[in-house]
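Here's the structure, in structure tokens; my notes come after.
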Amino acid sequence: MLSQQKADDDLLSVYGKIVAIVVLLIVLVILGARYVNTAPNLTSQGLAFEHNRLLNVLAMVRSQWLASGRPKKMLLSWYDVAPNVLNGTKGNAGVESSKTGQTSAFGQLDSTEADLIGTNNWIQISPKGWPIVDTDDDKGCKQLWQQLLATSTTELSLTVVYQKTEQVCRYVSPNQSSLSYQLQTGRVIFLSAEQ
């Protein structure tokens, strides 16, 4: 009788382990399904994050523009990830300042200093103090994105459209979320994709 009771206990122990494994698998399947269902939304969340970054950068650029005496162009100093920084082009480094167009106090920079402040990331500013495109086309909007956020539009797989009549740069993600930047007013509009 004792051996029968031990066999029953062993059987119950095995059943308990099987039930625990089944419950764990069910939980993993539920979590996996939720992750798969949210994967398409990651791009729009990335664009929402970029929306907040863009708002912050625009506010910083405008306040710097006001503090600098309202110049027609300014030097944006991102580490060395912005376009035109140390890419071998002859830039305005050491020739112009971000305030008045006078000679820079930095003089000629060596490559280490240039790495730290960025030497050729000059951005055009509208009369109202908002960053504007160098060229009125999609390429100008891509360059503006890179200059302001120091990232490429290809990293988020964004489609870039310039609307010339409205003077708007529109950035559209693969799931149709979009971010629009109105060049003359500085207004930024984020539209989430409808699910």
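The values are calculated or read from the model by the stated rules, or taken from the named source; none is laboratory data. In this text the structure is predicted, and so the values were computed from the model without any measurement. Note: ideal-geometry Cβ built from the backbone for every residue, glycine included; neighbour counts use all protein chains shown. Just the protein is used for accessible areas: all its heavy atoms, side chains included, with ligands, DNA and RNA removed. Shrake-Rupley method; radii C 1.70, N 1.55, O 1.52, S 1.80 Å.
Each label was represented as a point 7 Å from its Cα along the Cα-to-Cβ direction; for Gln163 and Ser126 these points are 1.3 nm apart.
Each of Ser68 and Thr185 was given a label point 7 Å from its Cα along the Cα-to-Cβ line. The distance between the two points is 2.5 nm.
A 1.4 Å probe, protein heavy atoms only, puts the accessible area of Tyr15 near 120 Å². Averaging the Cα positions of each part gives two centres, and for the range 154-195 and the range 1-37 these lie 51 Å apart.
Residues Met74, Met1, Met60, sorted by accessible area with the largest first, give Met1, Met60, Met74 [1.4 Å probe; ligands and nucleic acids excluded]. Amide H contacts for Lys73 (H built 1.01 Å from N in the peptide plane; partners 5 or more residues away or on another chain; cut-off under 5 Å): Ile125.
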